[in-house]
Amino acid sequence: MTGARHRLTGRLTVALPPGEAFPLFTAQGERRWASHWEPSFPAPVADDAEPGTVFRTPDREHGQTTTWIVVDATPGRRIRYARVTPGVSAGTVSVVLERAGGHSDVTVTYELTALSGDGAAHLRRFADGYPAFLEGWQDAIAEALHKDGQGPTA
């Protein structure tokens, strides 16, 4: 038993109202701003935010595939995923969007449990870097919105 469990919560700001920002946090929408995000779907999906939707992403660090399942969602407000990387970690990721003027305050929470000693070490590193991780999300989203003419001008 590894005993490593982490609950990591942080916030970022997106320069769109929640209804417009929400798709950025879906499997397909994240492609818009995350250069290494490559979800694949084992079955066709019309709505990738629909509960029960399954997709996979490569975990390059461990040479594994992470399987994700949409657990629940309220479009424009929140989405929650379950995720498992075999032999590494399992848990949930939730994204909650709140209107703040013309933009969104976004709270992202990872609740992960290590499945091995290597997984425990990975989670410690992830926890240590979590604030910078979310800052990277915020910067990448802002850059993508700017390129699309949706974000504030620099």
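The values are calculated or read from the model by the stated rules, or taken from the named source; none is laboratory data. All of these numbers come straight from a predicted model, not from anything done at the bench. Counting neighbours? That spans all protein chains shown, and the Cβs are built from the backbone with ideal geometry, glycine included.
Remarks
- When Ala82, Ala100 are screened for being surrounded by 13 or more Cβ atoms within 10 Å (Cβ to Cβ), out of contact with any Leu (no Cβ under 9 Å at 6 or more places or on another chain) and without any contact (Cβ under 8 Å) to a residue 24 or more places away in the chain, only Ala82 passes.
- Positions within segment 39-61 being within 27 Å of Arg125 (Cα to Cα) and at pLDDT below 95, in sequence order: Pro58, Asp59, Arg60, Glu61
- Any hit, segment 77-90, residues being among the aliphatic types (A, V, I, L, M), within 24 Å of Asp105 (Cβ to Cβ) and not in a strand (DSSP E or B): no
- Of all residues in segment 113-135 being surrounded by 15 or more Cβ atoms within 10 Å (Cβ to Cβ) and closer than 26 Å to Pro18 by Cα, the one that is farthest from the chain's Cα centre (by Cα): Tyr130
- Set Thr9, Thr13: member being in a strand (DSSP E or B), in contact with a Phe, Trp or Tyr (Cβ under 9 Å, 6 or more places away or on another chain) and among the polar types (S, T, N, Q): Thr9
- Among the residues of segment 117-154, the ones that are of a type in the set (S, T, N, Q) and modelled with pLDDT of 95 or more come to 1 in all.
- Being polar (S, T, N, Q) and part of a strand (DSSP E or B) is a property that holds for Ser94.
- Condition broken by Gln138, with the remaining ones in (1) under 13 Å from the mean Cα position of the chain (by Cα); (2) outside any helix (DSSP H, G or I); (3) farther than 20 Å from Arg7 by Cβ satisfied: (2)
- Pairs where the first residue, in segment 54-73, is surrounded by 14 or more Cβ atoms within 10 Å (Cβ to Cβ) and the second is of a type in the set (Ser, Thr, Tyr) and not in a strand (DSSP E or B), C-beta under 8 Å, 6+ apart: Ile69/Thr53; Val70/Thr53
- Breaking point among (1) surrounded by 15 or more Cβ atoms within 10 Å (Cβ to Cβ); (2) farther than 18 Å from Leu134 by Cα, for Gly29: (2)
- Selected residue (criterion: nearest to the chain's Cα centre (by Cα)) from residues of segment 13-32 that are of a type outside the set (D, E, K, R) and closer than 17 Å to Trp68 by Cβ: Phe25
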